[in-house]
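One structure is given here, and the rest of the page talks about it.
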Number of protein chains: 2
Amino acid sequence: MMSRVYNFCAGPAALPEPVLAFARDELLSYQGMGLSVMEMSHRSPEFEQIVKEAEASLRRLLSISDDYHVLFMQGGATLQFSLIPMNLLRGKKQADYLVTGTWSEKALEDASRLCRAHCVASNQAARYTNIPDPSTWQLSSPDQSAYLHYCPNETIVGVEFPFVPDVALPLVADMSSTLLSRPIDVSRFGLIYAGAQKNIGPAGLVIVIVRKDWVGDVIPGTPQLLNYQEVAKQHSMINTPPSFSIYLAGLVFRWLEAMGGVSAIAAVNERKAMNLYRTIDESEFYHNPVEKSCRSWMNVPFTLKDEELDVLFLKQADQLGLKNLKGHRLVGGMRASLYNAVPEEGVAALIAFMKAFAQKHG
Amino acid sequence: MMSRVYNFCAGPAALPEPVLAFARDELLSYQGMGLSVMEMSHRSPEFEQIVKEAEASLRRLLSISDDYHVLFMQGGATLQFSLIPMNLLRGKKQADYLVTGTWSEKALEDASRLCRAHCVASNQAARYTNIPDPSTWQLSSPDQSAYLHYCPNETIVGVEFPFVPDVALPLVADMSSTLLSRPIDVSRFGLIYAGAQKNIGPAGLVIVIVRKDWVGDVIPGTPQLLNYQEVAKQHSMINTPPSFSIYLAGLVFRWLEAMGGVSAIAAVNERKAMNLYRTIDESEFYHNPVEKSCRSWMNVPFTLKDEELDVLFLKQADQLGLKNLKGHRLVGGMRASLYNAVPEEGVAALIAFMKAFAQKHG
């Protein structure tokens, strides 16, 4: 078996190796019970404890108050694009959307099947390489619009809000690629959601953190399973939940707490990202187009001076165990995703390789 | 670590031990690649191959023709209760439902949020212990009603259709607890669906097999992710799928093929069930209330002569490694679920214990 590689995949992404090793060791016998966690009734006391502990750990990590439900759901962030208007319009016909990349654009598009999705601002003209100045946002009033949706970190171009929007509308945030990477003030948000497969756990799980006083008034015909209030009432267990993903997420949360929590990992994440951006900026060989003030800590796209070298770069990186660096087809070049589970040594190895490659081919 | 137990859980249920062992051995390094299958991009050639092989294997196992899509979705069978009318009403306002237990009852209830869900027949008066005689079914005409929905195997009371309904309406079947347990003629159905956590794999995955010429006309406002045609177009990858569950399902399918396929496992399943029912029927101590012609091969509920012995029965069974035998709260007593991954030796051990227990306490 090949030893473990450094995995810079944008998602499903690297998971902490100690978590994987722990899960492996008890895969056939959860806590010595003689059966896998995948084979356990979701109504068993042992599994109920797993869910309870995962939620408690996440609440500690993000200081989530009792004013919020924490829901474990299925369908990924993409299904939330529809569930948010279904659950949060509350009789209104409109919601506001900030468009800062592909994901917030998709969120707007899916919402527009269910309501008037008003685009407050878009930086598409700048190829999503910055955040539109708040003074230019065409916000609706809270009478007209149910909420303002945005995506604090866009994975494709690698643009991240350096601030939380200060607006009158309740905020809804797709934090799929940034949740747990740095501290946030949950109380600033009406709803936060995140697909698991970046900083949380395996794909097939999405986490929703939503103000308790904001749920319950859904569009008629909304299935019970897609109704936040019903999901909350039954503690995310209307039906069988994605139990293995929840179990693994719980292990990741416990690992993160042992690492010192979100503040501690944020310091590491900032170092990883800053070192890589410095390498890019100090070279004449690599380029990142994003405005410095809003560069992502999680996703660092970069291009080579000569795109004909891309294939060679990827091949040599691969041979060194630096995997999944190919950029998204929309922007080309490379992308290094530096989620929590990507160790500093991995980024150091990437930087060393990049410097050597630039020296040889620059 | 305790050695493996015999797990009679109704779901999430026992998985084949060789499959779990295989997954464990490559959990940190899929095929020696140095990363877990959970850490792989769903757009990578390796993962695309996993999905393709899982689908091909399932198609072989059930002889599914090219007239059908095979979809890997999220949300469990319960979300399908809503998706089926969303996708299959095709402009009609009504659908027919046969009610033979809790699951078909829930299916009707969820559909009634979206259409006129017409109850064709119900055996509730008989406490769901038989299948209503087809001569009593109040079927609608195909002009009025879009389909007939039924649940071939109900897990709680343990009642299974010994026939496929012969009706003019297209058939929709919730096969969550019976798919892959015995041969079926897929061509008799318009749509078959099954939550994974019985005979397929870990929870968080649901399989939909649907006639290609039957999809595409959804209720307005249906999210793309919940639209069978859109899911089919993008090969179940509109967004990140529940990748680990699909991977494991693929391993289960491969295991089943190696066991000789569905006919071979059906012979084993029939023996397991018949031996257990014989033990029940031949005793004066145990009782199963279901009409013999429609007893489930997968879920065998039984009561003890004296329900005050239930706790002792469960305790002693547990000590022998015979786990999760407690019956559903709606019917009480015991329930042994005998899915594909429950070995014959497990059923033999259960029978031996039951005989000894009855002799001592009868």
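The values are calculated or read from the model by the stated rules, or taken from the named source; none is laboratory data. Note that the structure is predicted; figures quoted are calculated from it, not measured. Virtual Cβ from ideal backbone geometry, glycine too; neighbours counted across all protein chains shown. Accessible surface areas use protein heavy atoms only, side chains included; no ligands, DNA or RNA. Shrake-Rupley method; radii C 1.70, N 1.55, O 1.52, S 1.80 Å.
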Considering residues of region B:50-66 that are more than 18 Å from the chain's Cα centre (by Cα) and of a type in the set (A, V, I, L, M) only, the residue surrounded by the most Cβ atoms within 10 Å (Cβ to Cβ): B:Ile50
Could you please let me know if B:Ser236 is open to solvent by 10 Å² or more (accessible area, probe 1.4 Å), more than 14 Å from B:Ile84 (Cα to Cα) and in contact with a Cys (Cβ under 9 Å, 6 or more places away or on another chain)? no
Let me confirm something: among A:Ser82, A:Ser44, which residue is closer than 30 Å to B:Gly11 by Cα and either surrounded by fewer than 17 Cβ atoms within 10 Å (Cβ to Cβ) or without any contact (Cβ under 8 Å) to a residue 24 or more places away in the chain (or both)? A:Ser44
Exactly one condition in (1) under 19 Å from A:Val206 (Cβ atoms); (2) among the β-branched types (Val, Ile, Thr); (3) not in a helix (DSSP H, G or I) is not met by A:Thr78; state its number. (3)
Going through region A:209-222 one residue at a time, which ones are within 11 Å of chain B (Cβ to nearest Cβ) and modelled with pLDDT of 95 or more? A:Val218
In region B:186-208, is there at least one residue being within 13 Å of another protein chain (Cβ to nearest Cβ), farther than 24 Å from B:Cys294 by Cβ, open to solvent by 10 Å² or more (accessible area, probe 1.4 Å) and among the hydrophobic types (A, V, I, L, M, F, W, C)? no
Counting only residues in region A:321-351 that are open to solvent by 60 Å² or more (accessible area, probe 1.4 Å) and touching a Leu at 6+ places or on another chain (Cβ under 9 Å), the one farthest from A:Thr102 (Cα to Cα) is identified as A:Asn324
Within region B:38-58, tally of residues that are assigned to a helix (DSSP H, G or I) and more than 9 Å from chain A (Cβ to nearest Cβ): 13
Keeping to region A:135-183, report how many residues are surrounded by 15 or more Cβ atoms within 10 Å (Cβ to Cβ) and under 30 Å from A:Lys326 (Cβ atoms). 23
What are the residues in region A:12-31 that are more than 7 Å from chain B (Cβ to nearest Cβ), over 21 Å from B:Pro18 (Cα atoms) and in a loop (DSSP other than H, G, I, E, B), if any? A:Pro16
The lone condition A:Tyr277 fails out of (1) buried (at least 16 other Cβ atoms within 10 Å of the Cβ); (2) free of Cβ contacts under 8 Å to residues at least 40 places away in the same chain; (3) within 14 Å of chain B (Cβ to nearest Cβ) is (3)
B:Arg127, sole failed condition from (1) in contact (Cβ under 8 Å) with a residue 12 or more places away in the chain; (2) open to solvent by 50 Å² or more (accessible area, probe 1.4 Å); (3) under 18 Å from B:Leu179 (Cα atoms): (3)
Whether any residue in region B:161-176 is touching a residue at least 60 places away in the same chain (Cβ under 8 Å) and within 12 Å of the chain's Cα centre (by Cα) is what I want to check. yes
Counting just the residues of region A:225-259 that are within 7 Å of chain B (Cβ to nearest Cβ) and part of a helix (DSSP H, G or I), which one comes out farthest from A:Arg60 (Cα to Cα)? A:Leu225
Going through B:Arg127, B:Arg182, B:Arg188 one at a time, which residue ends up being out of contact with any Cys (no Cβ under 8 Å at 6 or more places or on another chain) and modelled with pLDDT under 95? B:Arg127
Within region A:97-125, track down each residue that is within 14 Å of another protein chain (Cβ to nearest Cβ), among the polar types (S, T, N, Q) and assigned to a helix (DSSP H, G or I). A:Thr102
Count, please, the residues in region A:9-28 that happen to be in contact with a Lys or Arg (Cβ under 7 Å, 6 or more places away or on another chain) and farther than 13 Å from B:Ser36 by Cα. 3
Exactly one of A:Gly34, A:Gly75 is within 10 Å of chain B (Cβ to nearest Cβ), on the phi > 0 side of the Ramachandran plot, within 22 Å of the chain's Cα centre (by Cα) and open to solvent by less than 10 Å² (accessible area, probe 1.4 Å), and that residue is A:Gly75
Filter region A:284-320 for residues that are within 14 Å of chain B (Cβ to nearest Cβ) and not in a helix (DSSP H, G or I); which is surrounded by the most Cβ atoms within 10 Å (Cβ to Cβ)? A:Asn299
Take the conditions of a type in the set (Ser, Thr, Tyr) and either assigned to a strand (DSSP E or B) or within 25 Å of B:Gly221 (Cα to Cα) (or both) and apply them to A:Ser135. Does it pass? no
